[in-house]
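The values are calculated or read from the model by the stated rules, or taken from the named source; none is laboratory data. Bear in mind that the values here come from a model prediction, so they are computed numbers and not experimental data. Positions of Cβ are generated from backbone atoms using ideal geometry, with glycine treated the same way; all protein chains shown enter the neighbour counts. Side chains are part of the model used for accessible areas, which takes the heavy atoms of the whole protein and leaves out ligands, DNA and RNA. Shrake-Rupley method; radii C 1.70, N 1.55, O 1.52, S 1.80 Å.
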Amino acid sequence: MRDVYTLWRPTPLYRAYALEKALDTPAKIYYKYEGVSPAGSHKPNTAVPQAYYNQQEGVKRITTETGAGQWGSALAFACNLFGIECEVYMVKISYDHKPYRKMMMNTWGAKVYASPTDHTQAGRMILAQDPNSPGSLGIAISEAVERAASDENTKYALGSVLNHVLMHQTVIGQEALKQMEKAGDMPDIVVAPFGGGSNFAGIAFPFLRLNFEEGRNIRCIAAEPSSCPKLTRGVFRYDFGDTVGMTPLLPMYTLGHNFVPAPIHAGGLRYHGAGVIVSQLLKDQLIEARAHEQLECFESGVLFARTEGIIPAPEATHALATVVQEAQRCKEEGVSRTILFNLCGHGHFDLKAYEDYFEGKLVSHEVTQGEIEASLAQLDTPLIG
Ligand SMILES: *Cc1c(COP(=O)(O)O)cnc(C)c1O
């Protein structure tokens, strides 16, 4: 596993001097760049150990879902290295928007289907309700889980939310901590985009440890989309990790497992719930959350590309929107703070999103309170406490 990690780890930590200059801010901005992995994001950090442990257990095939295509690519890459078959249910909206992600997975030997499909019960049920369903991560999870549950040599692997995934990702923060020390600096604020919580946990947890053990006061901020705001507008209660209700119940911030987010371009953030550890941390006010709508995110993403050179994944632009806000606050208050954010992936397969942005086709989208309440009203899972 560690040998495989050495293909791209440690990942670089950069200081964003050009972005700081463009923002005319006294803040110091650093970023950890996870886009140097073979799949182009932080996802291989957990795909590799998951494939390895499955191989050790004699598993022949792994099924999974993918939203933006990042997790499917990472798992396809990892399964290929460990000689395991890989079957990917790809959220339909992403399948249509990102043909190159599919080809990438095919190149690493995986089979890829547009979800909802008509070859699982879960998929057929959704198609019966809405034949034009754009799909969602929750629906795709249901399909992949059903496939694994009906074959004993097949297992299901999840790329976010669960505790082991969060733990694997902490390699990001562990490295960042050492790199910040080498740079002779320490963040006041750590920011990461938030889908299910794995890259946020990955970069933030090692710094949170310093808060708990050394009494530091490093603010950790999760940045989520306004169209899928489980942390800022969801409720903390038991819910399923998937749409059909096959996973164990998890105590989480959720918009309800039936919530189908608008088809925004940050596919990796279109998930209804948050991992249990990050949910509890938010409940206990040990971390913060902030929502951004997609136009603001792309504006920050383009500014980053034009200053620092790297084209960020649409998911990562949410962290950038928070970073820009914090850097502007520093300017207004005339104080310098050190901000570290996770640039969790590059956007080379997401250029359609940038094209839509430049052509003025991206709309500002914020989910209404009515839509959130309608989704939550369908929950009959137990309340907490
Ligand atoms: C999957 C993904 C996310 C969201 O998932 P988390 O588990 O919240 O990290 C964010 N950014 C990218 C690039 C992704 O691939």
Under unit Cβ charges (Lys, Arg +1; Asp, Glu -1), what dipole magnitude, rounded to 20 debye, does the stretch 248-385 have relative to its Cα centre?
280 debye
Net charge dipole size for the chain [Lys, Arg +1 and Asp, Glu -1 on Cβ; Debye, nearest 20]:
720 debye
Kyte-Doolittle mean at least 0.5, axial Cα span of 15 Å or more - DSSP H helices of the chain:
70-81, 137-149
What full-extension length gain, to one decimal in nm, is calculated for Lys182 and Asp24 as 0.36 nm per residue of separation minus the Cα-Cα distance?
54.3 nm
Aspartates and glutamates within cross-link reach of Lys21: Cα-Cα under 20 Å, excluding same-chain residues under 8 positions apart?
Asp185, Asp188, Glu296, Glu299, Glu308, Glu326, Glu332, Glu333
His365 - accessible surface, heavy atoms, 1.4 Å probe, Å² rounded to 10
60 Å²
Just how far, in whole angstrom, is the stretch 77-115 from the stretch 310-359 if you go by their alpha carbon centroids?
27 Å
May I ask you to give the percent of accessible area on the stretch 254-385 that is carbon plus sulfur, with a probe radius of 1.4 Å?
51 percent
Over 19 Å (Cα to Cα) among Lys32/Lys182; Lys28/Lys182; Lys32/Lys352 -> Lys32/Lys352
Of the residues Ala374, Ala128, Ala78, which exhibits the maximal mean-square fluctuation in a Gaussian network model of the chain defined by a 10 Å Cα contact cut-off?
Ala128
Residue with peak Gaussian network fluctuation, the chain [Cα springs, cutoff 10 Å], from Pro116, Pro312, Pro134:
Pro134
Mean accessible area per residue over the stretch 44-160 (1.4 angstrom probe, all protein chains present, square angstrom) is 40 Å²
Among Pro38, Pro206, Pro131, determine the one that fluctuates most according to a GNM of the chain built with springs between C-alpha atoms less than 10 Å apart.
Pro131
If every Lys and Arg gets +1 and every Asp and Glu gets -1 at its Cβ, then about the Cα centre the stretch 211-323 yields a dipole, in debye to the nearest 20, of 180 debye
I'd like the isolated cysteines in the chain, meaning no second cysteine's beta-carbon lies under 4.7 angstrom from theirs.
Cys220, Cys228, Cys297, Cys330, Cys344
Reachable aspartates and glutamates, given that their alpha-carbon falls under 20 Å from the alpha-carbon of Lys92 and they are not under 8 places away in the same chain
Glu65, Asp118, Asp130, Glu143, Glu146, Asp242, Glu315, Asp350, Glu355, Asp356
